[in-house]
Amino acid sequence: MVMSPVVNTYPLSSYTFGTKEPKMEKDTSVADRLARMKVNYMKEGMRTSVEAILLVQEHNHPHILLLQIGNTFCKLPGGRLKPGENEIEGLKRKLTSKLGANSPALVPDWQIGECVAIWWRPNFETIMYPYCPPHITKPKECKKLFLVHLSEKEYFAVPKNLKLLAVPLFELYDNVQRYGPVISTIPQQLSRFQFNMITT
């Protein structure tokens with residue numbers, strides 16, 4: 001695990017983007033997803049998920065890489081951990097599954113950094129909070145966001161049915177209606193870091 005108040009961000013142009021087979025979503029609607037979460041909760045207990053904040057820079061401003069599904073919905077790369085799985089190893093597995101090439105030689109060396117936010121889902125509903133409400137004794141999901149330190153050059157293989165967007169921090173800030181409460185608060189979570197814009 002890399003712990004550093006300084007985050008090196010490299011130009012988007014220093015990364016290579018390819019495509020790979022589509023990664024189909026398990027659910028076709030939010031209702032389906034919540035129903036599946038309920039079934040899994042009965043079997044395994046609280047869902048634990050991990051997501052990555054991947055930073056690049058354009059025009060000397062930090063951008064976050066988001067996966068876009070369809071025309072509107074954006075999400076951070078990551079996903080659900082297996083029961084008992086280590087968070088760091090689980091996030092590496094998820095990142096490789098979402099963005100790693102099929103060739104092991106091309107898979108990025110994921111440097112997982114600090115956990116910058118923890119979100120809780122009290123019930124089988126879409127709403128999540130940056131704290132666990134006091135009256136909730138059995139939350140349904142705990143989601144952790146980790147900063148991932150990218151090296152200067154990487155190859156990302158993006159599933160054909162998704163787009164990988166580099167979204168500037170200023171566009172995310174206070175933009176709940178477009179990005180939801182989790183992603184729109186990332187600029188505040190990152191405000192304690194110093195960005196080292198590398199322009200080589």
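The values are calculated or read from the model by the stated rules, or taken from the named source; none is laboratory data. Keep in mind the model is a prediction, meaning the values are calculated, not measured. Cβ sites come from the backbone with ideal geometry, for glycine too, and all protein chains shown count toward neighbours. With ligands, DNA and RNA removed, areas are computed over all heavy atoms of the protein, side chains included. Shrake-Rupley method; radii C 1.70, N 1.55, O 1.52, S 1.80 Å.
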- prompt: What tally of residues in the range 170-186 results from selecting those that are open to solvent by less than 20 Å² (accessible area, probe 1.4 Å) and closer than 16 Å to His61 by Cβ?
  reply: 2
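Conditions tested, residue by residue: (1) of a type in the set (A, V, I, L, M); (2) open to solvent by 40 Å² or more (accessible area, probe 1.4 Å); (3) under 27 Å from Gly70 (Cβ atoms).
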| site | (1), (2), (3) |
| --- | --- |
| Arg93 | no, yes, yes |
| Gly113 | no, no, no |
| Thr126 | no, yes, yes |
| Pro130 | no, yes, yes |
| Ile136 | yes, no, no |
| Leu145 | yes, no, yes |
| Pro168 | no, no, yes |
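Given the options Lys138, Lys92, Lys143, name the one that is charged (D, E, K, R) and more than 13 Å from the chain's Cα centre (by Cα). Quick ask: steps written out before the conclusion?
On the way: Lys92 fails: more than 13 Å from the chain's Cα centre (by Cα); Lys143 fails: more than 13 Å from the chain's Cα centre (by Cα).
One residue alone meets the criteria, Lys138.
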task: Consider Leu164 carefully, then state whether it is touching a strand residue (DSSP E or B) at 6+ places or on another chain (Cβ under 9 Å), farther than 25 Å from Met24 by Cβ and touching a residue at least 24 places away in the same chain (Cβ under 8 Å).
output: no
message: For the range 32-78, give me the residue count where each residue is more than 19 Å from the chain's Cα centre (by Cα), outside any strand (DSSP E or B) and farther than 19 Å from Lys138 by Cα.
response: 3
- prompt: If you go through the range 46-56 one residue at a time, how many are open to solvent by 10 Å² or more (accessible area, probe 1.4 Å) and in contact with a Phe, Trp or Tyr (Cβ under 7 Å, 6 or more places away or on another chain)?
  reply: 1
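Hey, can you tell me all the residues within the range 72-108 that are basic (Lys, Arg), without any contact (Cβ under 8 Å) to a residue 24 or more places away in the chain and closer than 17 Å to Gly45 by Cα? Write out each step before concluding.
Residues of the range 72-108 that are basic (Lys, Arg), as a first pass: 75, 80, 82, 92-94, 98.
So of that shortlist, the ones also without any contact (Cβ under 8 Å) to a residue 24 or more places away in the chain come out as 82, 92-93.
The answer is Lys82, and nothing else.
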